[in-house]
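Here is the structure we will look at.
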Amino acid sequence: MDLFFDLSLMRDYNNKSQIARVLTENWVSRNAYCPNCGNELTEFENNRPVADFFCENCKEEFELKSKKANKIGKKIVDGAYSTMIERITSDTSPNFFFLTYNNDNLKVNNFLIIPNFYFIPDIIERRKPLSSTARRAGWVGCNIDITQVPKNGLIFLVENSEIVPKEKVQSKWKGTEFLRTKKGESRGWILDIMNCVDAIQEETFTLKEIYAFEESLKLKHPNNNFIKDKIRQQLQLLRDKGIIEFKGKGNYKKVKL
Ligand SMILES: [Zn+2]
């Protein structure tokens, strides 16, 4: 993997956003790989509405978002809100590649994937409708709120200009791929508890510390009167899947994927 864009491609374009698209897409097709099976990626024909790349081997699809920035930031601007929610609820959301690059030396500084099994409506933020004077007046876009994605769902291939070994990327992907089989509310609960675990700074934690999130979880799930039971159930599942370890007497340890 090489972190630089192929600047010779710029010659044929004048428009800045077009140049950015050509350089980033070309970089991804030369350097990225399928985090599920390790195969190289194929680019879809231009203007296909849903995804930008796919894996011929395992059929995973990928959408690319890129931004001129040194840091990932908290949000990724995406397309129409209603389309996004529809895709998530019908489980046809693609995986998301997110690329940031430095504009001075046109070099990739971050490149990560958020697998589609991390997508739930909670991470999609509705933007304000476009004003009546806009060309597409009333159109409602959305942002992907990265702060709502558990750390295990942010799989870096390049982080702060450091290339992450492929084996590490693939094992992180495999580590939580079980989420694919969980749908709707059940996926939501697991991700909620993964976020609670992430919110604790230390590598070890207690059941009591997770119970401290009971109130905020109750706000999210007002119809559930058994929040503590739900918490323990998710912790057990995360233990069975190798995401955390039980150390006995209500003590837990995070497992680094
Ligand atoms: Zn693949």
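The values are calculated or read from the model by the stated rules, or taken from the named source; none is laboratory data. As the structure is a computational prediction, the values presented were derived from the model and not from experiment. FYI the Cβ positions are ideal-geometry reconstructions off the backbone, even for glycines, and counts take in every protein chain you see.
Data overview
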{"quantity": "Filter result (assigned to a helix (DSSP H, G or I), in contact with a helix residue (DSSP H, G or I) (Cβ under 8 Å, 6 or more places away or on another chain), free of Cβ contacts under 8 Å to residues at least 60 places away in the same chain and closer than 20 Å to F111 by Cα) within region 2-27", "calculated": "I19, V22, N26"}
{"quantity": "Options F117, F111, F62, F98; residue that is part of a strand (DSSP E or B), surrounded by 15 or more Cβ atoms within 10 Å (Cβ to Cβ), in contact (Cβ under 8 Å) with a residue 24 or more places away in the chain and within 16 Å of the ligand (Cβ to nearest atom)", "calculated": "F62"}
{"quantity": "Residues (within 20 Å of F156 (Cβ to Cβ) and among the charged types (D, E, K, R)) located in region 169-201", "calculated": "K172, K174, E177, D198"}
{"quantity": "Residue count, region 28-45 (criterion: closer than 16 Å to S66 by Cα and either more than 16 Å from the ligand (Cβ to nearest atom) or of a type in the set (A, V, I, L, M) (or both))", "calculated": "3"}
{"quantity": "Unmet requirement for L106, which otherwise passes all of (1) surrounded by 17 or more Cβ atoms within 10 Å (Cβ to Cβ); (2) at negative phi", "calculated": "(2)"}
{"quantity": "Any chance E56 is in a loop (DSSP other than H, G, I, E, B) and away from the ligand (no atom under 16 Å from the Cβ)", "calculated": "no"}
{"quantity": "Per-region count, region 7-27, residues over 15 Å from K68 (Cα atoms) and surrounded by 12 or more Cβ atoms within 10 Å (Cβ to Cβ)", "calculated": "4"}
{"quantity": "Residue satisfying condition, being within 30 Å of G184 (Cβ to Cβ), at pLDDT below 90, more than 16 Å from the ligand (Cβ to nearest atom) and among the hydroxyl-bearing types (S, T, Y), within set S93, S17", "calculated": "S93"}
{"quantity": "The lone exception for K208 - which of (1) buried (at least 16 other Cβ atoms within 10 Å of the Cβ); (2) touching a residue at least 12 places away in the same chain (Cβ under 8 Å) it fails", "calculated": "(1)"}
{"quantity": "Elements of type strands (runs of 3 or more DSSP E) in region 122-171, at least 2 residues being closer than 25 Å to A32 by Cβ", "calculated": "141-145, 155-159"}
{"quantity": "Hits in region 234-244 - residues which are exposed (fewer than 14 other Cβ atoms within 10 Å of the Cβ) and free of Cβ contacts under 8 Å to residues at least 60 places away in the same chain", "calculated": "Q236, D240"}
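Rundown of residues vs (1) surrounded by 11 or more Cβ atoms within 10 Å (Cβ to Cβ); (2) closer than 20 Å to C58 by Cα, yes/no style:
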| position | (1), (2) |
| --- | --- |
| P129 | yes, no |
| T133 | no, no |
| G141 | yes, no |
| D145 | yes, no |
| K168 | yes, yes |
| S186 | yes, no |
